[in-house]
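The next block holds one structure in the form of structure tokens; read it before the comments.
The values are calculated or read from the model by the stated rules, or taken from the named source; none is laboratory data. Just so it is clear, the structure is predicted and the values come from calculations on it, not from any experiment. So basically every Cβ, Gly included, is an ideal-geometry build from the backbone, and we count neighbours across all protein chains shown.
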Amino acid sequence: MKKIAVLTSGGDSPGMNAAVMEVSRFSALAGMPLVGIKRGFNGLIGKFSPKDSYTHMELDTLLDIADQPGTYLRTARCTEFYEPEYQEKAVAFLKSLDIAGVVVIGGDGSFHGAQAMCRLGMPCIGIPGTIDNDLEYSETSLGFDTAVNVCVDAVRSIRATSRSHDRPAVVEVMGRNCGDIAMATAMSTGSEIVVVPEVKNWDVMKVAKRLKELVERGNTRATVVVAEGAYKTMKPFDHNKFLAPYTKVYEGEPMNVRRLTHVLRYKTGTEARYNTIGYTQRGHEPTAHDSSFAFEAAYMAVELLKKGIGNEVIGVRNGRVFHMPIDKAMLIKPKFKRKIYELINSL
């Protein structure tokens, strides 16, 4: 009987537990014992004691975790895994446990780790688990739908209060290098302005100008949705110098949602308020969409490993779950939906 392993790596995302549970169910159905690797790739390189590095997964202890947020196996980033010596150490550790293949649930960095292990002879199947939705080969990833729904609920509530008090709102959502959450949230809530990291040299003054025009047209509850990674692609702007006449500033502090809102407030003469949705996007129960994707992806991953197939990633194309070589998937560059961006910022 083949023994396989599963791990969750990188940032946690809703649906990771559902995927782990489904991998457990399908591996049991296939007669393949399952080992859970704890704390991502850290559990493979000897950073912790054995009991904190891996566990033998028993199906009856996992059936209740599917709807739980977070990840039962824990997760962490592992910078050491970029080094060949740690990659070799991980594969040697897996072989010492008689592991014949690994299901890696995570994002871009996790898939690079899976690639490395494949090159060293350890078959790996990747399941995309990242709320950012920044893996271009797939239409969606575990957690993205849940994160967007969390943001949509929050923005709808914020807009209700904004309408009641005639106050614009600036809402920061997650998205380090990818603005998909911000874009989907803005589209789904009728938000009038979106700011994303894909747009280089976006201008704070142009955002303020648009917000002021909206307010002057009678839209006193206009909403700005900004991705957390957008500040690093902003056109150079000395916000501390601008804000000094109005409020206390601390030299050297970078732009953030609070300072952006203060700039917009004083530039437009409004009572703009800021909100950060934060980790509720990552720590929420998965939606039906994410849970059903976890089911299909886990089944496909176990079937591939059962056949001795590795070096593949699972995704969604045209609404259907599929798999493709990980090497080809990682070469596909993200495509920014500029037309959608322009439409949101022009209506």
Would you confirm, using the coordinates I've provided, whether PHE81 is closer than 18 Å to GLY113 by Cα, in contact with a strand residue (DSSP E or B) (Cβ under 9 Å, 6 or more places away or on another chain) and among the aromatic types (Phe, Trp, Tyr)? no
The condition of being assigned by TED's automatic domain parsing to the domain that holds ALA160, within 25 Å of VAL152 (Cβ to Cβ) and surrounded by fewer than 19 Cβ atoms within 10 Å (Cβ to Cβ) holds, among GLU342, GLU251, GLU271, only for GLU271
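Here is a yes/no grid of residues against (1) in contact with a strand residue (DSSP E or B) (Cβ under 6 Å, 6 or more places away or on another chain); (2) modelled with pLDDT under 95; (3) more than 26 Å from GLU303 (Cα to Cα):
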position	(1), (2), (3)
ILE125	yes, no, no
LEU135	yes, no, no
GLU139	yes, no, no
ARG167	yes, no, yes
CYS178	no, no, yes
SER191	yes, no, yes
GLU198	no, no, yes
MET205	no, no, yes
How many residues does the stretch 194-203 hold that are touching a helix residue (DSSP H, G or I) at 6+ places or on another chain (Cβ under 6 Å) and either acidic (Asp, Glu) or surrounded by 18 or more Cβ atoms within 10 Å (Cβ to Cβ) (or both)? 4
When only residues in the stretch 244-263 that are among the hydrophobic types (A, V, I, L, M, F, W, C) and over 24 Å from ILE277 (Cβ atoms) count, which is modelled with the highest pLDDT? ALA244
Residues of the stretch 1-27 that turn out to be modelled with pLDDT of 95 or more and more than 26 Å from the chain's Cα centre (by Cα), as a count: 2
So the check is Cβ under 7 Å with 6+ separation or different chains; which pairs have a first residue in the stretch 151-167 that's in the same structural domain as GLU228 (by TED's automatic domain parsing) and a second one that's surrounded by 20 or more Cβ atoms within 10 Å (Cβ to Cβ) and assigned to a helix (DSSP H, G or I)? CYS151/ILE181; CYS151/THR185; CYS151/GLN281; VAL152/THR185; VAL155/THR185
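Looking only at the stretch 123-149, which residues are among the aliphatic types (A, V, I, L, M) and in a loop (DSSP other than H, G, I, E, B)?
ILE131, LEU135
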Those residues that are assigned to a helix (DSSP H, G or I) and closer than 29 Å to ILE131 by Cβ, I need them from the stretch 242-264; list them, please. VAL257, ARG258, ARG259, LEU260, THR261, HIS262, VAL263, LEU264
Here are the criteria: (1) among the polar types (S, T, N, Q); (2) closer than 23 Å to SER141 by Cα; (3) out of contact with any Ser or Thr (no Cβ under 8 Å at 6 or more places or on another chain). Tell me which single one GLN87 does not satisfy. (2)
Output for the stretch 206-219, where each listed residue is closer than 17 Å to TYR266 by Cβ and either outside any helix (DSSP H, G or I) or among the charged types (D, E, K, R) (or both): LYS206, LYS209, ARG210, LYS212, GLU213, GLU216
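Quick one: count up the residues across the stretch 220-233 that are over 15 Å from GLU271 (Cα atoms), outside any strand (DSSP E or B) and of a type in the set (Gly, Ala, Ser). Show your work before the answer.
Here is the first cut: in the stretch 220-233, the residues over 15 Å from GLU271 (Cα atoms) are 225-233.
Subset that is outside any strand (DSSP E or B): 228-233.
Pick out the ones that are also of a type in the set (Gly, Ala, Ser) and you get 229-230.
Total meeting the criteria: 2.
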When you look at VAL313, is it part of a strand (DSSP E or B), surrounded by fewer than 19 Cβ atoms within 10 Å (Cβ to Cβ) and either within 23 Å of the chain's Cα centre (by Cα) or in the same structural domain as SER110 (by TED's automatic domain parsing) (or both), yes or no? no
Is at least one residue of the stretch 190-197 among the hydroxyl-bearing types (Ser, Thr, Tyr) and closer than 29 Å to ASP12 by Cβ? yes
With respect to THR161, determine if the residue is assigned to a helix (DSSP H, G or I), in contact with an Asp or Glu (Cβ under 7 Å, 6 or more places away or on another chain) and not acidic (Asp, Glu). no
